[in-house]
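Colleague: One structure, pasted below without further comment.
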There are 2 protein chains.
Amino acid sequence: MPKMINNPQRVVDEMLHGFYKCHSDRIAKTRHPRVFVRRGRKSRTPRVGIVSGGGTGHLPAFIGYVRKGMIDAVAVGNLFEAPSAEVFLEAIRQADQGEGVLCIHGNYPLDNRCVGEAVRLARLEGIRVEHVCANDDVATIAEDGDRSASRGLAGEVLLWKIAGAASMAGKSLEEITDLCRRANLNTRSIGVAFAACIRPEVGVPNFEVVEGTMEFGIGHHGDPGLSSYKMRPANEIADLIMEKLLAVYPEGEEASVTVMVSGLGATTQMELYILYNRIADILKARGIRTSQSFVGNYFTSLDMQGVSVTLMKMDEELERLVAVDAESLLG
Amino acid sequence: MPKMINNPQRVVDEMLHGFYKCHSDRIAKTRHPRVFVRRGRKSRTPRVGIVSGGGTGHLPAFIGYVRKGMIDAVAVGNLFEAPSAEVFLEAIRQADQGEGVLCIHGNYPLDNRCVGEAVRLARLEGIRVEHVCANDDVATIAEDGDRSASRGLAGEVLLWKIAGAASMAGKSLEEITDLCRRANLNTRSIGVAFAACIRPEVGVPNFEVVEGTMEFGIGHHGDPGLSSYKMRPANEIADLIMEKLLAVYPEGEEASVTVMVSGLGATTQMELYILYNRIADILKARGIRTSQSFVGNYFTSLDMQGVSVTLMKMDEELERLVAVDAESLLG
C-alpha cells in the first residue's frame with residue numbers, strides 16, 4: 001500500500017512541522033524540537049502541570065491532546081519508540097509552575113526507564129514530580145491479577161482528561177496523582193485487529209492476520225495478538241470483548257462506567273458505532289450505567305484495522321472530572 | 001478485508017442505533033427514523049434552522065455535525081445514497097423555529113432532486129426555506145468554469161460552520177443563504193485516492209487503483225478519479241493538489257484562505273500532517289495568509305485511502321464566522 005510520505009526516516013519530524021504549522025495558535029515550540037507545550041498553560045494561580053509522551057504513530061495521541069483541560073507539555077518519540085529521558089525531562093520542566101508536575105505514561109519498558117530517569121533528574125533540579133503508569137490492557141494482566149507487566153492502551157486518554165480537569169480545578173499534585181492511580185486501577189481495555197499496521201520505513205505489515213481470523217489482545221505498537229479467533233459478526237466481537245472486560249467487575253454490583261471505543265486507524269467510524277451499539281446493550285442488560293461514552297479515533301496504531309475498547313469504572317469524583325469539557329477537537 | 005459488521009443490509013440502521021445511544025445527550029430522535037435533531041436547538045429568540053443530509057458512509061458527516069453552532073437537523077440516507085424528499089422534508093420541519101430554514105447539500109443529481117422536492121413541499125406548508133448546493137470539487141468544474149455539474153466535497157463542512165455561526169448570531173435566512181452561496185463560490189476542493197473503499201454489501205473495492213499509481217479527482221462515493229498519476233512523494237502530491245486549487249486564485253492578489261485537509265477514512269493522521277506541512281509552505285511562498293486550518297477525518301468515504309484538500313478564500317465576514325468555536329468533538 002503506497003503511503004503519502006516523503007522519506008520514511010523523516011516522517012516524525014515532518015509530521016511535527018505540519019502539526020505545528022496547523023496548531024501554532026494552540027501549541028508552542030520549546031528549546032527541544034521534540035517537546036511542545038500548550039500556549040496559555042500558565043494560569044494566574046499556579047497549578048499542577050500535566051505531562052505525557054510516548055512514541056509517534058498514535059495520533060491524535062499524544063500531541064493532539066496538548067489542549068486546555070488535558071496535557072500541558074508533551075514528549076515526542078520516534079515511531080513506536082519512547083522519547084528519551086532528556087525529552088521527558090524538558091517536558092517536565094516546561095510544565096512546572098511551582099505546584100509540581102504529574103507525568104502520565106504507558107507501561108512499556110523503555111517508557112518506564114526514560115520517565116524514571118527524567119523524574120529522578122527533575123527532582124534533583126528541585127521540581128516536585130510524580131508519575132502514573134497506565135496499564136489497562138487486560139490481555140497482558142497476569143493470571144493472579146498482577147498488572148506490573150500490563151501494557152497501556154487507550155485508557156490513558158481518560159487519565160489525561162481526569163488529570164487535566166483536576167489540575168484546572170486547583171487540586172494538589174498528591175490529590176491528582178491519587179486520582180489518576182485510582183482511575184487507572186479502575187480501567188480495563190482490550191484491542192482487536194483485523195489487519196496489522198504498516199510501518200513506513202518497513203513497508204509491509206508488522207504481522208500477518210490470517211484471512212478469516214482476527215487477533216485478540218493486540219498491542220498499540222504493531223505487536224500481534226495473544227490469541228487468534230475466527231472472524232465473526234460485530235455483535236459477537238462485542239460479546240467477546242465485553243466478556244473479557246466485565247470479568248473483573250463483580251456481578252450485580254451497582255456500577256457505572258465510562259466507555260471508550262477507539263478505532264486503531266483504518267477502521268470506519270460506521271463500524272465503531274455498530275460495535276458500540278451492542279456494547280451499550282450489554283452494559284444495560286448487566287445493569288451497569290454508562291456514565292459517558294466516546295467513539296472515534298482516540299488512540300491509533302498507524303493504519304491498523306481494528307478497535308480498542310476501554311471501560312473505566314466510575315465513582316462520583318471521577319465522573320465529575322471526566323464530564324468536564326476539554327477543548328474542542330474541531331479547532 | 002473483513003469488516004466489523006453484522007449484516008451488510010443493516011449497517012446504516014445499526015450505526016444510527018449506536019450513534020444515538022452514544023450521543024443521546026446531544027441529539028434526539030424524531031418521528032422519522034432517519035431524521036435526528038440537536039437537543040437545545042430552540043433558543044429563546046427564534047433563529048434560522050440549519051439542515052443538511054446525504055448518504056451514509058462519510059462519518060463524521062453528516063450526523064456527527066449535529067452540534068451547537070453547526071447543523072440543527074439531519075436527513076440520513078442509505079449507504080452513498082441521498083435521503084428521500086420525505087426525509088429532507090421532515091428535517092426541514094424539525095429545524096424550523098419560524099425564522100426559516102437553510103438546507104445545505106452536496107451537488108449530486110439525486111440529492112438535488114430530493115432536496116428540491118422537499119423545499120417545494122415545505123413551502124406549501126408555509127415554511128420559509130432556502131437551499132445551498134455545495135459544489136467545490138475542481139475536478140468536475142467544466143472548462144468554461146461552469147460549476148453546475150461540480151460535485152460537493154469536504155467544503156460543505158465549512159459551510160455548516162459558517163451557517164451555524166451566522167444563525168447563532170441572529171442573521172436572517174436571506175443573509176445566511178447569501179453568505180453560504182458566497183462561501184461556496186470561494187471554495188475549491190480536490191480528492192486523491194491511493195486505494196478505493198469497500199462497500200460492505202459488495203465486499204470488494206469499488207474500483208482498482210493500479211499499483212504504483214494514484215487517482216486524482218476522485219469523488220466521495222467510491223467513484224474513480226478523473227486522471228491517474230504515478231505515485232510520488234507527499235510533497236509532490238501537495239504540489240500537484242495546490243497547482244490545481246490555486247489556479248483559480250489570481251496571482252499576486254492579497255488573499256487569505258481557510259484550509260481543510262480531510263482523510264478519506266483509512267489514511268493515517270501522520271500522513272495528513274506531512275501533506276499539510278508542504279501545503280502551508282506553498283501558501284506562504286505564494287503570499288497567501290492561512291486564516292484557519294483543519295487537519296483530520298472530517299468527511300470520509302468509508303475506508304478509502306486518500307485525502308481531500310479544500311481551500312476557502314476568506315473575506316472579513318467569513319473569517320469571523322469560521323473562527324467561532326463549534327461544540328467540542330471530544331464529547
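The values are calculated or read from the model by the stated rules, or taken from the named source; none is laboratory data. Note that this is a predicted model, so its numbers are computed, not measured. Cβ sites come from the backbone with ideal geometry, for glycine too, and all protein chains shown count toward neighbours. The protein model used for the area step is the full one, side chains on, heavy atoms only, and it has no ligands, DNA or RNA in it. Shrake-Rupley method; radii C 1.70, N 1.55, O 1.52, S 1.80 Å.
Colleague: Which of the residues that make up region B:277-297 are assigned to a loop (DSSP other than H, G, I, E, B) and basic (Lys, Arg)?
Modeller: B:ARG286
Colleague: I need a count of the residues in region B:298-317 that are of a type outside the set (A, V, I, L, M), assigned to a loop (DSSP other than H, G, I, E, B) and buried (at least 23 other Cβ atoms within 10 Å of the Cβ).
Modeller: Adding up the residues that qualify gives 5.
Colleague: Given A:SER167, A:SER150, which one is more than 24 Å from A:GLU271 (Cβ to Cβ) and in contact with a Gly (Cβ under 9 Å, 6 or more places away or on another chain)?
Modeller: Criteria check complete, one pass: A:SER167.
Colleague: Which of the residues spanning region B:68-97 are outside any helix (DSSP H, G or I) and under 13 Å from B:ARG41 (Cα atoms)?
Modeller: Once the filter is applied, which keeps residues that are outside any helix (DSSP H, G or I) and under 13 Å from B:ARG41 (Cα atoms), region B:68-97 yields B:LYS68, B:GLY69, B:MET70, B:ILE71, B:ASP72, B:ALA73, B:VAL74, B:ASP96, B:GLN97.
Colleague: Name the residues in region B:1-31 that are under 27 Å from B:GLN97 (Cβ atoms) and within 13 Å of chain A (Cβ to nearest Cβ), would you?
Modeller: Answer for region B:1-31, where residues must be under 27 Å from B:GLN97 (Cβ atoms) and within 13 Å of chain A (Cβ to nearest Cβ): B:LEU16, B:PHE19, B:TYR20, B:CYS22, B:HIS23, B:SER24, B:ASP25, B:ARG26, B:ILE27.
Colleague: Which of the numbered conditions does A:ARG123 fail, given that it passes all the others? Conditions: (1) at pLDDT 95 or above; (2) closer than 22 Å to A:ALA61 by Cβ; (3) part of a helix (DSSP H, G or I).
Modeller: In the conditions (1) at pLDDT 95 or above; (2) closer than 22 Å to A:ALA61 by Cβ; (3) part of a helix (DSSP H, G or I), A:ARG123 misses (2) alone.
Colleague: Which residue is farthest from the chain's Cα centre (by Cα), if the candidates are limited to region B:44-81 and must be open to solvent by 10 Å² or more (accessible area, probe 1.4 Å) and without any contact (Cβ under 8 Å) to a residue 40 or more places away in the chain?
Modeller: Looking at the filtered set, the residue picked out is B:ARG44.
Colleague: Output the residues belonging to region A:130-164 that are open to solvent by less than 10 Å² (accessible area, probe 1.4 Å) and part of a helix (DSSP H, G or I).
Modeller: Passing the criteria: A:GLY155, A:GLU156, A:VAL157, A:LEU158, A:LEU159, A:TRP160, A:LYS161, A:ILE162, A:ALA163, A:GLY164.
Colleague: Still on this structure, please answer the following. Among the residues of region B:210-238, count how many are crowded, with 22+ Cβ neighbours inside 10 Å and closer than 15 Å to A:MET1 by Cα.
Modeller: The total comes to 3.
Colleague: Right, something else. Considering region A:165-183 alone, what residues qualify as being open to solvent by 10 Å² or more (accessible area, probe 1.4 Å) and not hydrophobic (A, V, I, L, M, F, W, C)?
Modeller: A:GLY170, A:LYS171, A:SER172, A:GLU174, A:GLU175, A:ASP178, A:ARG181, A:ARG182, listed by residue number.
Colleague: Quickly run through region A:262-296 and pick out the residues that are crowded, with 24+ Cβ neighbours inside 10 Å and more than 7 Å from chain B (Cβ to nearest Cβ).
Modeller: The answer is A:SER262, A:GLY263, A:LEU264, A:LEU272, A:ILE279.
Colleague: Within the bounds of region A:107-122, is there any residue that is surrounded by fewer than 21 Cβ atoms within 10 Å (Cβ to Cβ), within 25 Å of A:GLY18 (Cβ to Cβ) and of a type in the set (Gly, Ala, Ser)?
Modeller: Within region A:107-122, not a single residue is surrounded by fewer than 21 Cβ atoms within 10 Å (Cβ to Cβ), within 25 Å of A:GLY18 (Cβ to Cβ) and of a type in the set (Gly, Ala, Ser).
Colleague: When region A:198-246 is examined, which residues are found to be assigned to a loop (DSSP other than H, G, I, E, B), within 12 Å of chain B (Cβ to nearest Cβ) and small (Gly, Ala, Ser)?
Modeller: Passing the criteria: only A:GLY212.
Colleague: Checking the structure you have, find out if any residue of region B:32-52 is farther than 18 Å from B:GLY164 by Cβ and either assigned to a helix (DSSP H, G or I) or at the interface with chain A (Cβ under 9 Å from one of its Cβ atoms) (or both).
Modeller: no
Colleague: Please work out which one of (1) on the phi < 0 side of the Ramachandran plot; (2) at pLDDT 95 or above is the condition A:SER150 fails and give its number.
Modeller: (2)
Colleague: Within region B:1-21, how many residues turn out to be part of a loop (DSSP other than H, G, I, E, B) and either open to solvent by less than 50 Å² (accessible area, probe 1.4 Å) or touching a strand residue (DSSP E or B) at 6+ places or on another chain (Cβ under 9 Å) (or both)?
Modeller: Of the residues in that region, 6 qualify.
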